[in-house]
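The values are calculated or read from the model by the stated rules, or taken from the named source; none is laboratory data. Treat the numbers as computed from the prediction; the structure is a model and nothing was measured. Quick reminder, even Gly has a Cβ in these numbers, built from the backbone with ideal geometry, and neighbours come from all protein chains shown. In case anyone asks, the SASA skips ligands and DNA or RNA and just uses the protein heavy atoms, side chains included. Shrake-Rupley method; radii C 1.70, N 1.55, O 1.52, S 1.80 Å.
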Amino acid sequence: MGRRMLVAGNWKMYTTSGEGAILVQDLADELSDLDGEVEVVVGPPFTGLKAVSTVIELDHLEIGLAAQDCHWEAEGAFTGAIAPRMLLDLHVDYVIVGHSERREYFGETDETVNRKVKAVFEAGMVPIMCVGETLVTREALETDPYVRGQVTAGAAGLTPEQAERLVIAYEPIWAIGTGRMPTPESANDVARMIRATIGAMYGPPVAVKMRILYGGSVKPENAKMFFSEPDVDGGLVGGAALKADSFAGIVRAAH
Ligand code: PGA
């Protein structure tokens, strides 16, 4: 189907800018023998974007840059917030939007997620929109309607050209940082349902091009199982993205 695999690291609130600069350099060294078949992206905290972006540019690294959040307005009196164009200015390619930690601890709703998704596209970057259910929702067998609702609301009002470039990360909340995981088949079932939802909104040709990542306790040892599934086009990686060798192992698994 020609979807390029994407492996993105979410460094969360772990790295200083100096640590990030070293981590991206170490990662590039680990990946130096690879051919660029898989797209590799790192996501430092805001304060690390400049340093990481500088290393990427000076060393001509084939590594993309993601921010972990942004505001939906282009500018304004929003103390502490970061506008999309400020990220573009630092050569950010992707913005993670609606991560479950943002939804849980910072009051993100499907509505704010949707506004951010649109703002990121309007600024010229690509959102990685996160969706996923809690354990309670999964055990109530309500994963599909719940995630479908998140996708329908979060991806509403896009142009077809935007929708096909959107990246959706399916991250079951109970699998994030826990070592627990769905089976690859059940992750694929949800990914397929997400693709069908986008297909119903924007047409099957758009849905076929859109990439869907799996996230939640992805490690070098289990990555290949998830990446072999037909509707899973890569991964969003937290803990294992903080060490160059383990992240590189996950990127290799995507080849
Ligand atoms: P994890 O985090 O890989 O540490 O489970 C994934 C994420 O939060 O994106």
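Quick notes on this one:
- Residue in the stretch 182-189 that is part of a helix (DSSP H, G or I) and acidic (Asp, Glu) present: yes
- Scanning the stretch 193-223 for residues that are open to solvent by 10 Å² or more (accessible area, probe 1.4 Å) and either of a type in the set (Ser, Thr, Tyr) or within 16 Å of the ligand (Cβ to nearest atom) (or both) yields Thr197, Tyr202, Arg211, Ser217, Lys219, Pro220, Glu221, Asn222.
- Taking the criterion of being open to solvent by 10 Å² or more (accessible area, probe 1.4 Å), assigned to a helix (DSSP H, G or I) and among the small types (Gly, Ala, Ser), the residues of the stretch 120-172 that qualify are Ala123, Gly149, Ala153.
- Count - residues of the stretch 224-233 that are outside any loop (DSSP other than H, G, I, E, B) and more than 15 Å from the ligand (Cβ to nearest atom): 1
- Test: residue in the stretch 234-251 that is open to solvent by less than 60 Å² (accessible area, probe 1.4 Å), more than 10 Å from the ligand (Cβ to nearest atom), over 26 Å from Leu23 (Cβ atoms) and of a type outside the set (Phe, Trp, Tyr): no
- Yes/no for Thr112 being touching a Ser or Thr at 6+ places or on another chain (Cβ under 7 Å), in contact (Cβ under 8 Å) with a residue 24 or more places away in the chain and part of a helix (DSSP H, G or I): no
- Among the residues of the stretch 163-175, those that are more than 16 Å from the ligand (Cβ to nearest atom) and touching a strand residue (DSSP E or B) at 6+ places or on another chain (Cβ under 9 Å) comprise Arg165, Leu166.
- Of all residues in the stretch 176-188, those being away from the ligand (no atom under 16 Å from the Cβ) and touching a residue at least 40 places away in the same chain (Cβ under 8 Å) number 2.
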